[in-house]
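Before any comments, here is the structure.
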Amino acid sequence: MPQNPILSLLGAATVLVAADAHSADAVPLVLENDALRAEIVPAWAGRLMFLGRPGGTNAFWTQPEAAGFTVDGNGNPVWKNVGGEKTWVGSQGKGWRAFVGKESGSVWPPPAWFDSEPMEVVSADSTNVVLRTAAHRGGDWVVALERSFSLRGDRLDVRQRLIPECVGALGPEAVPDDLRRLWSVAQIPRPDRVYLHLVGEGRHVRDGVMPAPVPTDRSGWTTIDVGGMAGDGKLMADGDRLAVPLPDGTGWLVLSQTAPARHLSAFETPGRAMVFASKPDYRPTPYAELEFAAYGPDAEQTVEFRIADDPFAPDGAAAPAAD
């Protein structure tokens, strides 16, 4: 099989697997121990499609029947909502315009490689998987993406980064550094409440049609009443942790973001943590998105996923009560 040019560029290991993006039954790579099971589908842009206890309920909302990636009249795959957890590369305005030759406005659906290109498996074993895209050019913007997964005890680390060697020397019309973004987007069954841990001096939040967060009795935590929403909407905040109950009531899904400080410093307005909820009547079933963002030409982030009995005790100790 042809080797991904990005692997030659970085001197990485030989590709082990190449997947078919249009396969409706793409075989996942499985990481599993006694505490946690994770299923990753390279064919579907490296999505994490299952996370839960072995034999337990999937914490994610999924719609695998959408994985055909319908092709439009020009032969370009049209965006389909497959679900699970994925990387979203930005920006949706100027960043994506560079790839489609559009001078203004937003771009939808995104260029196919953002959301539907198969990722190639650089390495895989019982506890670690590394995936990469090819290098892509749009105008003066050249970018490649790496996603890696590491299972450690009851936690799964998902690390993603824009590969600096592929960004290269860019011209005057290049996408500004503060518009180069990575999002980790985890789609879950629409819950009644989402719990958000705020950070930073202002602990500020920007909300649209979503209800404003209400402080809880846990230091830094707020609760968002998603169940009370009649429509859809998004909330953006300075947060580093998100938590929701599992659909079957057997525990909690807890997400924590870590990233180098330089990739969080561009957030002059709320935005490093985001929560989106669909309309309650969304078909086939309503969902929500738990999102974390990072900035920079070589943006990188790690999001830790765990299934927990107590979402407010990330290190095994109860969180202090708020004053």
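The values are calculated or read from the model by the stated rules, or taken from the named source; none is laboratory data. Nothing here was measured: the structure is a model prediction, and the numbers come from that model. Ideal geometry is used to build each Cβ from the backbone, glycine not excepted, and the neighbour counts take in all protein chains shown.
Taking region 45-70, which residues are within 16 Å of the chain's Cα centre (by Cα) and either assigned to a strand (DSSP E or B) or modelled with pLDDT of 95 or more (or both)?
47, 48, 49, 50, 51, 59, 60, 61, 62
Can you name the number of the only condition in (1) at pLDDT 95 or above; (2) farther than 19 Å from residue 290 by Cα; (3) surrounded by 16 or more Cβ atoms within 10 Å (Cβ to Cβ) that residue 42 fails?
(1)
Scanning region 151-168 for residues that are farther than 19 Å from residue 254 by Cβ and charged (D, E, K, R), which turns out modelled with the highest pLDDT?
Selected residue: 161.
I need the full set of residues from region 105-119 which are in contact with a strand residue (DSSP E or B) (Cβ under 6 Å, 6 or more places away or on another chain) and not in a helix (DSSP H, G or I), in order please. Walk me through it before giving the result.
Initially, region 105-119 is screened for residues in contact with a strand residue (DSSP E or B) (Cβ under 6 Å, 6 or more places away or on another chain), giving 112-114, 116, 119.
The answer is 116, 119.
Are there strands (runs of 3 or more DSSP E) fully within region 239-301 with at least 1 residues that are modelled with pLDDT of 95 or more, surrounded by fewer than 19 Cβ atoms within 10 Å (Cβ to Cβ) and among the aromatic types (Phe, Trp, Tyr)? List them.
The strands (runs of 3 or more DSSP E) meeting that bar are 252-258.
Please list, ordered by first then second residue, the pairs with beta carbon atoms under 8 Å, 6 or more apart or interchain, first in region 96-109 and closer than 18 Å to residue 182 by Cβ, second in a helix (DSSP H, G or I) and not basic (Lys, Arg).
Partner pairs satisfying both residue conditions: 96/114; 107/96; 107/99; 107/100.
Of everything in region 266-300, what is of a type in the set (Phe, Trp, Tyr) and more than 20 Å from the chain's Cα centre (by Cα)? Give them in sequence order.
Hit for region 266-300 is 282, nothing else.
What are the residues in region 203-219 that are touching a residue at least 40 places away in the same chain (Cβ under 8 Å), of a type in the set (D, E, K, R) and surrounded by 13 or more Cβ atoms within 10 Å (Cβ to Cβ), if any? Show your work before the answer.
Going through region 203-219, the residues touching a residue at least 40 places away in the same chain (Cβ under 8 Å) turn out to be 204-206, 210, 215-219.
Those still in the list that are of a type in the set (D, E, K, R) too: 206, 217-218.
206, 218 - these are the residues of region 203-219 that are touching a residue at least 40 places away in the same chain (Cβ under 8 Å), of a type in the set (D, E, K, R) and surrounded by 13 or more Cβ atoms within 10 Å (Cβ to Cβ).
Do you know which residues across region 220-266 are among the hydroxyl-bearing types (Ser, Thr, Tyr) and in contact (Cβ under 8 Å) with a residue 60 or more places away in the chain?
Answer for region 220-266, where residues must be among the hydroxyl-bearing types (Ser, Thr, Tyr) and in contact (Cβ under 8 Å) with a residue 60 or more places away in the chain: just 250.
Say we look at region 92-108 and pick out the residues that are surrounded by fewer than 18 Cβ atoms within 10 Å (Cβ to Cβ) and over 15 Å from residue 136 (Cβ atoms); which of these is modelled with the lowest pLDDT? Give the steps one after another, and end with the answer.
So in region 92-108, the residues surrounded by fewer than 18 Cβ atoms within 10 Å (Cβ to Cβ) come out as 92-93, 100-106, 108.
Imposing the further condition that a residue be over 15 Å from residue 136 (Cβ atoms) reduces the set to 92-93, 102-106, 108.
Values: 92: 74, 93: 71, 102: 76, 103: 77, 104: 79, 105: 78, 106: 74, 108: 74.
By that ranking, first place goes to 93.
Residues in region 1-8: is at least one at pLDDT 85 or above, in contact with a strand residue (DSSP E or B) (Cβ under 7 Å, 6 or more places away or on another chain) and buried (at least 17 other Cβ atoms within 10 Å of the Cβ)?
No: zero hits.
For every residue, the table says whether it meets (1) hydroxyl-bearing (Ser, Thr, Tyr); (2) within 16 Å of residue 303 (Cβ to Cβ).
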residue: 37; (1), (2): no, no
residue: 40; (1), (2): no, yes
residue: 49; (1), (2): no, yes
residue: 62; (1), (2): yes, no
